[in-house]
Every structure is written in structure tokens, then in C-alpha cells.
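First up is the structure itself, then whatever we jot down about it.
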Amino acid sequence: MNLSNDYSILTDKARLVIGSTTKLFIDGYYQEPTKGQYYSIVDPSNDEHIAQVARACATDVDKAVDAATRAFETGVWASMRPHEREAAMLRLAELLIENGKELSELETLSSGKLISNTRAFDVDFSVYTLRYMAGWSTKISGQSIDLSVPYLPDEHFSGSTMHFPIGVVAAITPWNVPLCQAIWKLAPVLATGCTVVIKPAEQTPLTTLRLAQLCIEAGIPSGVVNVITGYGSEAGKMLVEHPGVNKVTFTGSTGTGKLIGATAASQMKACTLELGGKSPVIIAEDADLTEAIPGAAWAIWGNHGQNCCAGSRLLVHHSIYNQVVEGVKEIAESLKLGPGLNPYSQMGPLVHKEHRQNVLNFIKSGLEAGGELITGGYAVEGPGAYIEPTIIASLSADAHMVQNEIFGPVLSVFSYRDDEEAIALANSTSFGLGASIWSKNVDRIDKYFRRLSAGMVWVNNHNVIDLALPFGGHKDSGMGKELGYQGMISHTKIKTKIYKRNLGSL
Ligand code: ADP
């Protein structure tokens, strides 16, 4: 089987990117990197070079933050009427739809993801996100509060709160859902009147660069949205440290998130961190297995396990353990590996070969710790970063591969005897992002909901995300929320006003 992407089926616009050299997007136009340095990005289906990408240096980061600061301070965006900001965001959503095929192809080329996935999440879900957040533009409101001021009994006061845009936002995004993550960060920025510098992951910057151009087409003023590309340890780090940045919003690994959080705290910057996970999928003895088995399989094999909420630990009641593990194994073995652009592929390559090696190292550590290989376990030979979906049983809860995020299609399976044991096992890692409980018993579901250490608990589903609900984890999975009202309002700062009334108490 040919595991390499077929470029002849690309749209003309997407094909243009092959062999091209991209630039930085600062102050409304593409600019050469100051030092003229570039790096190469590759197609993980065949390891071939796709494009040269600009490697931003300190001067470029300064330029981008300066452009965002000017755009913020002159008020070209923040002082625009909310309904005009809303209209521009809705135009941007339309442009994403118009250019959806090109965007999903660009995403698939550099990430290896399936084209159906890049269309449904990176493009279509981005459209919904923009529309949802556009609606908030006209609805940001404070409160009016009657005040007591007990130590001034003869005087009367009223108080009010008002939300102001927080300022220049630094947005650092990962490679697993690149456009979707850029939009999750951009949409609340635009709704609240902030400006932004986005630093996409080194491997997957193409769609974010294109997005910046679409922002200009949508009528969002120059300087409001800037994109710098380059390495996380250089451009990303300098952006987070830049004194002109007022808020940092980051999605990525827990290790990098802790570094970023420490820098932000030392400079009193607002900070939202959406980090790693080791989410348990718990299948109780009363679960509907016709739903739970494919649900557990989708939870880990979806996006090749490269999801922060991936259900990478499967906890099954001992009475149904064999049946569930056999069912998830059958699905794993039926998956058709292939290049992301081929609509018949069911699992693409991982994002790059070094990442695949990390995943293989985790598998090796699991087997060395006494794990039993149920299926998979190997890289696919030849070009591309393909790996077999893998299930390992009989591990102890404290094994290295059980305690750490793998970010690949590798599942550890466990059998438990009662709810107490399942809850203890589910909560036994440092992460707290998501968890799912599959059961028909409402009392059991309520118990799990209250006791699972997770920002998001799914009942009879896993990793379903909606714009109206805040998204984010507890413990080492991060702090703050994206999406929902909370994800929007965290891009504002509150001011209070205390007003002395001279006309008495009424
Ligand atoms: P991964 O190791 O899977 O690439 P990371 O969490 O390191 O995950 O990367 C997520 C994003 O964070 C990427 O855009 C990357 O460039 C960026 N990044 C990496 N290190 C830093 C850093 N020290 N400061 C800021 N951004 C960083």
C-alpha cells in the first residue's frame, strides 16, 4: 500500500505551498525574517520537504509585539463598536468556509492528520468557534451594585464594574489541531477588543499564516493579528517574556506549560494554560457495550491518540474486561493506516518521526515494566511516521507509561473490582484534564462526576466538546479555561467605579 500523500489531488492553492518559502505576518503583511533564517517542514506521510518556514529572531518578536501594541493603543479594534467587531468576525468565518478545502489540505500535509478530521475540526469547528465568540462581542457587560460602605453611615454610594480588553495577547499553539487551536485563541481576542501575536508549533504553521491574511480580507485592521514562526525555545520563549505582552495563552505539554506559567507569574501577566492529560475511560458493568466499546476505541485512536483528552487509560469492570478489551483490539486491528489526504485512510502517520520515536520509547518502557502486548507495538517500516495502534495490559498504575502523557495511539488497559478501586485508579496520575464514565446508573454517574479529578467529565461519551462549555483541566493539566463565557471574559480586566450619591438613599 502506498502510504505517501498524492499531491496531484490538492487544490491549486494548496499545491502552491509545496516548495515555497513562507514569511512572518506582521502589521498586516508578510515580512522576511530579519536574519533571513528559515527551517524546513516535512510531510510526515513520506518525510519529504514541504516548505521553508521563517525562523523569527528577537527583532522579529519585537516587531510583532510592537505592531500588536500600536494596534491596541490606537484603538483601531478595541474602540470599534462591538457590532462592527462581530461583523468582521462573521466575515472571517465565511472566509474560512470559502477557503475550507485549501485550509484542511494544508493542515493535513504538515500534520499527517486525516483530511476528514482537519475539515471537521480545524476548519468547521473553527467556523463555529468564530461565530460563537462573535456573539459575545455585543454582550460583554459589567454589573451595577448598591454599596454598603458601613464605616460611612451618613453617605450613600453606588458601585459598578466594567470589563476592558486586557491588551496584547501572546498565543502559543500546538501541532495536533493547529488551526482549531489558533482560532480558539484568536476568537476571544477579537471578541474582547484585544490584539494578538500567535506563535504556531514549528511543524504546522501553514494554516495560521494563511488565517492571518484572511483576517485582513475580513476587515480586521493591520496589526491586530500577527503571526511569528520559529522554534518554541527561541521565538516562543521570547514572545512569552516580552514586556509588551499582557496575557499568555498556551496549549501544549505540561513541561513547557510550567515554564511559561512561571515566566508569566514573574511578570504578573495573565495566563491560561491548557496542558497534557492521561484521561481515564471507565466502563462499568452496567454500561451499554454497543456504545462503550466503539466509544473507548474512538477515545484513543481518534487523531492517532494525539489529543490532550485522549482516553489513554481504559478501566473496565472485571466482569466485562475480556469482552471490552477484545472489542477495542478488534477495532484497532481493523484500522486502515494511510496518508491523510486519502479519504479512505482511517489512521494517518504521527506528526513526525522524532515524536514516533518518543511513542516507541514509551511502549518499550511499558513492556520492560512487565506489560503484556495485546496488539500493535511497532513502527511501520519505510518512509513516514506510521505506527501501529497499540494496547498494553497488566501494568501497575505507577508504571512510567501509565503516569505520563504519550500523545500517540497507545492504550493501557486495567481491570477493576468496584467503584472505589476505579475512582482511585482514575485519580492516580498528576493530570486532571478529562475522564469518561460509561454506565446507565444515575447514582453511580453522579458519584463519579463528583469524585473524578478532571476538568471535564463525559458520561457515555468521550471528548465531546462544545463552544458553550468552558474547556480546561485541573492539577498538572493546566489552569484557566478556554471557550464558553469564561474563555472569553478571561481576555478582559475588570475596573470598578464607586460613585457617591448626593441625593440620599433612593
Ligand atoms: P511538543 O513537545 O509536543 O512540541 P510543546 O509543549 O513543547 O510540545 O510545544 C507546544 C508549543 O509551545 C509549540 O508552539 C512550541 O513551539 C512552543 N514552545 C516550546 N517551548 C517553548 C518555550 N520555552 N516557550 C514558549 N513556547 C514554547
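Here are a few things to note about the model shown:
- Dipole magnitude (debye, nearest 20) for the chain, charges at Cβ of Lys, Arg, Asp, Glu: 1480 debye
- Rounded to the nearest 0.05, the FRET efficiency derived from the C-beta distance between PHE157 and LYS258 at R0 = 41 Å is 0.45.
- Treating r as the C-beta distance of HIS474 and GLU420 and R0 as 22 Å, the FRET efficiency rounds to 0.60.
- Overall form of the chain per C-alpha gyration tensor (a/c, 1.5; a/b vs b/c): oblate
- Counting only heavy atoms of the protein chains and using a 1.4 Å probe, CYS308 has close to 20 Å² of accessible surface.
- Subtracting the Cα-Cα distance of GLN143 and ALA58 from their residue separation scaled by 0.36 nm leaves 26.4 nm.
- More than 13 Å apart - percent of Cα-Cα pairs taken over segment 370-415: 57 percent
- For ALA265 and GLN323, a Förster radius of 41 Å and the Cβ-Cβ distance give a FRET efficiency of 0.25, rounded to the nearest 0.05.
- Cα shape, segment 19-94, gyration tensor, a/c 1.5 rule: oblate
- Segment 52-169, dipole about Cα centre (Lys/Arg Cβ +1, Asp/Glu Cβ -1), debye to the nearest 20: 340 debye
- Beta bridge orientation in the chain: antiparallel %, DSSP, nearest 5: 45 percent
- Distance between the 7 Å Cα→Cβ label points at TYR7 and ALA120: 2.9 nm.
- Across LYS336/LYS475; LYS113/LYS258; LYS185/LYS278; LYS247/LYS447; LYS353/LYS481, pairs whose alpha-carbon gap is larger than 29 Å: LYS336/LYS475; LYS247/LYS447; LYS353/LYS481
- Excluding exposed DSSP-loop chymotrypsin sites (Phe, Trp or Tyr not before Pro) (at most 16 other C-beta within 10 Å), longest clean stretch of the chain: 1-150
- Within the chain, helix-based [θ] at 222 nm, where runs of 4 or more DSSP H residues each add -39,500 (n - 2.57), nearest 500: -10500 deg cm²/dmol
- Fully extended contour minus Cα-Cα distance, from SER334 to ALA369, at 0.36 nm per residue: 9.8 nm
- Computed label-point distance, nm, for sites PHE449 and TYR499 using a 7 Å Cα→Cβ extension: 4.0 nm
- Shape category assigned to segment 1-127 from the gyration tensor of Cα positions, a/c cut at 1.5: oblate
The values are calculated or read from the model by the stated rules, or taken from the named source; none is laboratory data. Computed from a prediction, not measured in an experiment: that's the story for all the values here. Reconstructed Cβ throughout: ideal geometry from the backbone, glycine too, with neighbour counts over all protein chains shown. Quick note on the areas: whole protein, heavy atoms, side chains included, nothing else; ligands and nucleic acids left out. Shrake-Rupley method; radii C 1.70, N 1.55, O 1.52, S 1.80 Å.
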